[in-house]
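Below: the structure, in structure tokens.
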Amino acid sequence: MKYLVMEIHPAYAVVLDESGRFLKAANFHYQVGETVEDVVELRLPPARRFRPWMAGGLVAVAACLCLFFFGYYRPRFIPYGTLRIQINPDVELSVSKNGRVLDLQGLNEDGQALVEGYDFRGKDGDDAVEDLVERAIEMGYLSQGGAVSITASSEDDDWQVQEEQALGAMLQEHYGDAIAVYLGPAVPEQDTAVPSASSTPAAPPASSVPAASSPVQPVYPDDDWDDDDDDWDDDDDDDHDHSGWENREHHRYGVDD
Amino acid sequence: MHRQTQMETEQPVPQTDRGIAAQVLMAQKDPRSADALIGQYMPFIRSETFKFTHAVPEAGHEDELNIAAMAFYEAALSYDRKKGAFLPYAAWAIRNRLIDYHRAERRHGGTISLEVVSGEDGRRLMDTLPDSRDEIGAYDLRAASRAEIEAFGRQLATFDISFSEVADNCPRQERTLAACYAVLNCARANPGLLERLVQTHRLPVRELALGSGVDKKTIERHRKYLVAILLAFTNGYEIIRGHLCQMTPKGGKQE
């Protein structure tokens, strides 16, 4: 390759090669217009551009973040379901997928009183439920022969069933016959909206009570049921301001009577 | 001797290091300040060369000095503040470049110099070879091409372009170079475009992009290079064109 020297500088010469490239090369005392054969080309600094290894690094960092988010953060810190305990105090716990309590709220006044001062942070859902039941006993909300209703709700039906059963079994084991434990979606509409319950008094108990799997399942003869229904109406009219749970208790004992 | 070298190194450093860094960053943008910087630091370059060759450059080591000057320039171009102080960086660059150069030169180790005195009559080896070159003709040719290149440079200067800038702007990838050839062919096929370039001092980018099928952005990016190479193919630059035409079958085929 021959190079035509176009311009000379103290440190380099601009040369034109035969394929039309202008290059900078070491200036070995060249003169403009001279044709030279071997040049030592200037090595230009590599342009700062996007390099493949940078892309790899970015992908790796993104993957780490994804792993952290889906593997650690999400199961621990994103609410996965709620556990609701209804004694008379009505309490709701938000629980993450791996059972950690994220939030705790009292849904009525007694519930707020029960929750007051209880540090749920970092606790497991099961432990928190146990502690709360214990507190309820200490604070006098729950006594011998009382009942606890536990409701789990989540998008995940399996989780819901599992959680309810585990909690039910645990409470049963701890308190045995002293308290009755109800599982499943117990009177969901009633207790949140008491006035609405009063407006349609007959319908909710009829649908919810048979659905609730109580430890003592009373068997109603068909004829009795109709009569009961009338009684139930009266009952309901009497205590508007009671929570749904009260209603159920009444109902249960009413049936037994 | 060694002490002397050190003194030489320290001599051209009256400024703070920050001052040098600023100068170097200026030199990266402007070829003229780069030349000034090299002029100012020539003693430093000499001393670094001396450290490597252990002889003054005048004693047959001019090439090393030239390589070192180029290495200094390369270092100035590639320097940024993250790399630390400039002078140690430049010294390192010079040393590496000289090592590279020596390794490349060692390949010619089996040859003997033409300057060596051979035979008994005391003639140099060079003088025993038949003189096939036409020295006077070569001198004339060189003078003619020098005049032509200078005219070319002057014309480029009217476009505010220097040869250094053309070299910086020259495509490095084969593919981009091929694209530039395509643009050149398009311009040569339409001499009107070349004329417009000379008269309006503007590259007719749109027409060239349409005619050659090369992306407008590619043309814009290599504007300086394309102006230079298109100007070389306007009338009057026979020697340059002759130099180019020897090896541009790709460029000349289409016409």
Apart from one, (1) surrounded by fewer than 20 Cβ atoms within 10 Å (Cβ to Cβ); (2) more than 8 Å from chain B (Cβ to nearest Cβ); (3) within 13 Å of B:ILE149 (Cα to Cα); (4) in contact with a Leu (Cβ under 7 Å, 6 or more places away or on another chain) all hold for A:VAL15; the odd one out is (1)
Going through B:ILE219, B:ILE161 one at a time, which residue ends up being within 23 Å of the chain's Cα centre (by Cα) and in a helix (DSSP H, G or I)? B:ILE219
Answer with yes or no whether B:ILE20 is at pLDDT 90 or above and closer than 21 Å to A:TYR12 by Cα. no
Among the residues of the stretch A:67-77, is any touching a residue at least 40 places away in the same chain (Cβ under 8 Å), more than 13 Å from chain B (Cβ to nearest Cβ) and either among the hydroxyl-bearing types (Ser, Thr, Tyr) or part of a strand (DSSP E or B) (or both)? no
Filter result (within 17 Å of B:LEU210 (Cβ to Cβ), assigned to a helix (DSSP H, G or I) and away from chain A (no Cβ under 11 Å)) within the stretch B:164-192: B:ALA179, B:ALA182, B:VAL183, B:ASN185, B:CYS186, B:ALA187, B:ARG188, B:ALA189, B:PRO191, B:GLY192
With surrounded by fewer than 17 Cβ atoms within 10 Å (Cβ to Cβ) and touching a residue at least 24 places away in the same chain (Cβ under 8 Å) as the only criterion, which of A:ASP110, A:ASP90, A:ASP103, A:ASP38 stands out? A:ASP103
Please state which of the following conditions B:LEU210 fails to meet, knowing it meets all the rest: (1) aliphatic (A, V, I, L, M); (2) surrounded by fewer than 15 Cβ atoms within 10 Å (Cβ to Cβ); (3) within 12 Å of chain A (Cβ to nearest Cβ). (3)
In the stretch B:204-216, the residues that are farther than 13 Å from B:TYR181 by Cα and part of a helix (DSSP H, G or I): B:VAL205, B:ARG206, B:GLU207, B:LEU210, B:LYS216
Among the residues of the stretch A:30-40, is any more than 17 Å from the chain's Cα centre (by Cα) and away from chain B (no Cβ under 14 Å)? no
Of B:ASP127, B:ASP63, B:ASP121, which residue is part of a helix (DSSP H, G or I), more than 10 Å from chain A (Cβ to nearest Cβ), modelled with pLDDT under 90 and over 23 Å from A:PRO45 (Cβ atoms)? B:ASP127
Every residue from the stretch A:131-176 that is polar (S, T, N, Q) and not in a loop (DSSP other than H, G, I, E, B): A:SER149, A:THR151, A:SER153, A:SER154, A:GLN160, A:GLN162, A:GLN165, A:GLN172
Restricting to the stretch A:18-28, name every residue that is of a type in the set (A, V, I, L, M, F, W, C), facing another protein chain (nearest Cβ under 7 Å) and buried (at least 21 other Cβ atoms within 10 Å of the Cβ). A:PHE22, A:ALA26
Residue ID - nearest to B:ALA143 (Cα to Cα), chosen from residues in the stretch A:23-54 that are outside any loop (DSSP other than H, G, I, E, B) and at pLDDT 85 or above: A:THR35
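The values are calculated or read from the model by the stated rules, or taken from the named source; none is laboratory data. These numbers were taken from a predicted model, which means no experiment stands behind them. Glycine gets a Cβ as well: all are built from the backbone with ideal geometry, and neighbour counts include every protein chain shown.
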